[in-house]
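The values are calculated or read from the model by the stated rules, or taken from the named source; none is laboratory data. Since this is a predicted model, take the numbers as computed values, not measurements. For neighbour counting, all protein chains shown are included, and Cβ atoms are generated from backbone atoms with ideal geometry for every residue, glycine included. Just so you know, the surface numbers come from the protein's heavy atoms only, side chains and all, with ligands and any DNA or RNA stripped out. Shrake-Rupley method; radii C 1.70, N 1.55, O 1.52, S 1.80 Å.
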Amino acid sequence: MEDITSTEVREFIALKLPDASEIPAVDHRAVENKIMDYVEQEFAKVTKSKVLYLDVFTTDRNYSVVTGLSVGSVIDGVIAMLECKISNNSFGVGETVTAPTPYPLDGGRTAAQGIGVQFNKLDSSSVKIMVNDQVTIMTAYNGAVNANANNVILSGGATGNWKIKIIVIYK
């Protein structure tokens, strides 16, 4: 269907529903359908988001997560974050932190780390999550004056305190 404008909808209403007391029901129905076509058309242009969770994960693994989006949805972006599910390292349940961008092995000193995402604009049925050998996050916020910012390395059993929060942005 070709896009219609709000002006076209108003003109259609004026044409089909003139100032008359006896307007045929079929004209009322045609106006209702035109209004709904316009609403549906414009709603399809609105960016929406859906939050998914990978409740259990381990490092050095790939995951495919079903989105549950309707056919025809187009994914514009996917963001992976970590949400605390068991208090640890001064983080409380529900606190959310950014997940690091994947980074390769650092000359043998630091393991490959990070969480990657992959999606296909032509197939919105799933998103792919790739978790490297370890995940490094910043320590919980410290409100003290001139407090240092440090990091926490998650691997092995430490991942059990967290779940991956996946924010899918789509139309």
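Hey, residue 72 hits all of (1) part of a loop (DSSP other than H, G, I, E, B); (2) out of contact with any Lys or Arg (no Cβ under 9 Å at 6 or more places or on another chain); (3) more than 17 Å from residue 168 (Cβ to Cβ) but one; which does it fall short on?
Checking residue 72 against (1) part of a loop (DSSP other than H, G, I, E, B); (2) out of contact with any Lys or Arg (no Cβ under 9 Å at 6 or more places or on another chain); (3) more than 17 Å from residue 168 (Cβ to Cβ), the one that fails is (3).
If we keep just the residues of region 120-154 that are small (Gly, Ala, Ser), open to solvent by 50 Å² or more (accessible area, probe 1.4 Å) and under 23 Å from residue 94 (Cα atoms), which is farthest from the chain's Cα centre (by Cα)? Steps first, please.
Start the filter on region 120-154 by keeping residues that are small (Gly, Ala, Ser), which leaves 124-126, 140, 143-144, 147, 149.
Going one step further and asking which of them are open to solvent by 50 Å² or more (accessible area, probe 1.4 Å), we end up with 125, 143-144, 149.
Now drop any that are not under 23 Å from residue 94 (Cα atoms), which leaves 143-144, 149.
Working: 143: 30, 144: 33, 149: 28 Å.
The selected residue is 144.
Please verify whether residue 169 is under 30 Å from residue 40 (Cα atoms), under 15 Å from the mean Cα position of the chain (by Cα) and either in contact (Cβ under 8 Å) with a residue 24 or more places away in the chain or surrounded by 14 or more Cβ atoms within 10 Å (Cβ to Cβ) (or both), treating the condition exactly as stated.
Values: under 30 Å from residue 40 (Cα atoms): yes; under 15 Å from the mean Cα position of the chain (by Cα): yes; either in contact (Cβ under 8 Å) with a residue 24 or more places away in the chain or surrounded by 14 or more Cβ atoms within 10 Å (Cβ to Cβ) (or both): yes.
So residue 169 passes the test.
Looking at region 126-135, can you tell me whether even one residue there is assigned to a loop (DSSP other than H, G, I, E, B) and either in contact with a Pro (Cβ under 7 Å, 6 or more places away or on another chain) or farther than 30 Å from residue 43 by Cβ (or both)? It would help to see each step written out before you state the result.
The first filter runs over region 126-135 and keeps only residues assigned to a loop (DSSP other than H, G, I, E, B), leaving 132-133.
So of that shortlist, the ones also either in contact with a Pro (Cβ under 7 Å, 6 or more places away or on another chain) or farther than 30 Å from residue 43 by Cβ (or both) come out as 132-133.
Checking region 126-135: at least one residue is assigned to a loop (DSSP other than H, G, I, E, B) and either in contact with a Pro (Cβ under 7 Å, 6 or more places away or on another chain) or farther than 30 Å from residue 43 by Cβ (or both).
Out of the residues in region 77-119 meeting the condition of being of a type outside the set (Val, Ile, Thr), open to solvent by 80 Å² or more (accessible area, probe 1.4 Å) and not in a loop (DSSP other than H, G, I, E, B), tell me which one is modelled with the highest pLDDT.
Across region 77-119, the extreme among qualifying residues is 118.
Going through region 28-65 one residue at a time, which ones are among the β-branched types (Val, Ile, Thr), under 30 Å from residue 86 (Cα atoms) and at pLDDT below 95?
Residues of region 28-65 that are among the β-branched types (Val, Ile, Thr), as a first pass: 31, 35, 39, 46-47, 51, 56, 58-59, 65.
Checking the rest, the ones that are also under 30 Å from residue 86 (Cα atoms) come to 51, 56, 58-59, 65.
Once the filter is applied, which keeps residues that are among the β-branched types (Val, Ile, Thr), under 30 Å from residue 86 (Cα atoms) and at pLDDT below 95, region 28-65 yields 58, 59.
Mind listing just one residue for me: the one in region 21-46 that is open to solvent by 80 Å² or more (accessible area, probe 1.4 Å) and not in a helix (DSSP H, G or I) and, of those, farthest from residue 11 (Cα to Cα)?
45
Are any residues in region 52-76 out of contact with any helix residue (DSSP H, G or I) (no Cβ under 8 Å at 6 or more places or on another chain) and open to solvent by less than 70 Å² (accessible area, probe 1.4 Å), and if so, which ones? So that I can check it myself, show each step before the final result.
Of the residues in region 52-76, the ones out of contact with any helix residue (DSSP H, G or I) (no Cβ under 8 Å at 6 or more places or on another chain) are 52-55, 60-76.
Selection gives 52, 54, 63, 65, 67, 68, 69, 72, 73, 74, 75, 76.
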